[in-house]
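Worksheet for the structure shown next.
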Amino acid sequence: MNASCTGQHNSENKDTTHKHVYKEITVKRVSTGYRIIKPDSFKQKYSAAQQNIILTLNRVDMDNVTKLDSLVVPDDINADIMQYSIFPYNLPAVQDVKKIIFFSYPSQAFGAYEYGNLVRWGATNMGRENAQTPTGLFFTNWKAEETKSTVDDEWILKWNFNIANKEGVGWHQYAMPGYPASHSCLRLFEADAKYLYDWADQWIQKNDVTLKAQGTPVIVFGSYPFGTKPWLALAKDPAALDISAATLEAEVAPHMAKILAEQNRRDSVLASDAK
């Protein structure tokens, strides 16, 4: 998938808008320490809900978890996955943005916000060192429940949502070995890929060459310390991966004018199409 997971595609989207007034949400973040364990008894020792938390924290899927040398595990492993979020639950800087997704390269994690409220976070495996995921502002465009990679047609990509049409970069479900391993795309667990697939908005096209409105804004930021697994640092510092509101505000600030302009443009197109 070298700089191209799925190639170009054209799609028309019929969309609807929704209204929401910003109100800070309250989530009690779990307060816990972490420890390092061997993965040999992972499947036998933990319940399905506990396994989900551990897999998310280690950015690895069930098929690859026992291949790892070690796992980071929270001492309190009975909370909801949202209570382990490394993203802030409230982000006033984007309270006027209907939907936006942040992908953190250094943390290998994503956070999805509606009007400044975190609605979902999860793990990702992004581009490997010689095929890194491009950073910056993107907008979701076309999507497909299942598609084939243009690099290798044996690679089946489920819940694929493209964010860079010409480069063929997008998110989708695929193997999560626990480190950046893709050919520039943003790999996700299937549950997260499907959630974002249903949640985010496609672009709106007049025809194959004319774009009427952009989809959901996506910001990919930061750089990954290849050769390490940053989440293992949680064993020494439970806040090692925390992403502050100030960090996200700094990432979105240069793009805010464009994001709001595209949002207004989309609203106008939807209103016009509804007549």
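Being in contact with a helix residue (DSSP H, G or I) (Cβ under 7 Å, 6 or more places away or on another chain) and surrounded by fewer than 21 Cβ atoms within 10 Å (Cβ to Cβ) is a property that residue 167 lacks. For the stretch 29-74, a residue qualifies if it is touching a residue at least 24 places away in the same chain (Cβ under 8 Å) and of a type in the set (Lys, Arg), and the qualifying residues are 29, 35, 38, 59, 67.
Can you name the residue in the stretch 200-220 that is in contact with a strand residue (DSSP E or B) (Cβ under 8 Å, 6 or more places away or on another chain), part of a loop (DSSP other than H, G, I, E, B) and not small (Gly, Ala, Ser) and is also nearest to residue 107 (Cα to Cα) among such residues?
From the stretch 200-220, those in contact with a strand residue (DSSP E or B) (Cβ under 8 Å, 6 or more places away or on another chain) are 200, 202-206, 211-220; that's our starting set.
After this cut, where a residue has to be part of a loop (DSSP other than H, G, I, E, B) as well, the list is 200, 202-203, 206, 214-216.
Next cut, not small (Gly, Ala, Ser) only: 202-203, 206, 214, 216.
Values: 202: 26, 203: 28, 206: 38, 214: 27, 216: 22 Å.
Among them, the one singled out is 216.
Applying the set (1) at pLDDT 85 or above; (2) surrounded by fewer than 18 Cβ atoms within 10 Å (Cβ to Cβ); (3) under 27 Å from residue 118 (Cα atoms); (4) not polar (S, T, N, Q) to residue 60 leaves exactly one unmet item: (2).
Scanning the stretch 75-89 for residues that are without any contact (Cβ under 8 Å) to a residue 60 or more places away in the chain and not in a helix (DSSP H, G or I) returns 75, 76, 77, 78, 79, 80, 85. Among strands (runs of 3 or more DSSP E) entirely within the stretch 90-198, having at least 3 residues that are out of contact with any Phe, Trp or Tyr (no Cβ under 6 Å at 6 or more places or on another chain) and hydrophobic (A, V, I, L, M, F, W, C) singles out 136-139. Contact map, the stretch 221-238: first residue part of a helix (DSSP H, G or I), second residue polar (S, T, N, Q), Cβ cut-off under 8 Å, separation 6 or more or different chains; pairs are 230/107; 230/108; 231/58; 231/107; 231/108; 232/70.
Taken across the stretch 143-153, residues that are within 16 Å of the chain's Cα centre (by Cα) and either within 26 Å of residue 51 (Cβ to Cβ) or surrounded by 23 or more Cβ atoms within 10 Å (Cβ to Cβ) (or both) do occur, with at least one present.
Might you check whether a residue that is charged (D, E, K, R), at pLDDT 95 or above and in contact with a strand residue (DSSP E or B) (Cβ under 9 Å, 6 or more places away or on another chain) occurs anywhere in the stretch 11-31? The answer is no, given that none of the residues of the stretch 11-31 is charged (D, E, K, R), at pLDDT 95 or above and in contact with a strand residue (DSSP E or B) (Cβ under 9 Å, 6 or more places away or on another chain). When residue 136 is tested against (1) surrounded by fewer than 22 Cβ atoms within 10 Å (Cβ to Cβ); (2) touching a Ser or Thr at 6+ places or on another chain (Cβ under 6 Å); (3) on the phi > 0 side of the Ramachandran plot, just one condition goes unmet, and that condition is (2). For residue 36, the criteria (1) part of a strand (DSSP E or B); (2) surrounded by 15 or more Cβ atoms within 10 Å (Cβ to Cβ); (3) among the hydrophobic types (A, V, I, L, M, F, W, C) hold in every case but one, which is (2).
The values are calculated or read from the model by the stated rules, or taken from the named source; none is laboratory data. Since this is a predicted model, take the numbers as computed values, not measurements. FYI the Cβ positions are ideal-geometry reconstructions off the backbone, even for glycines, and counts take in every protein chain you see.
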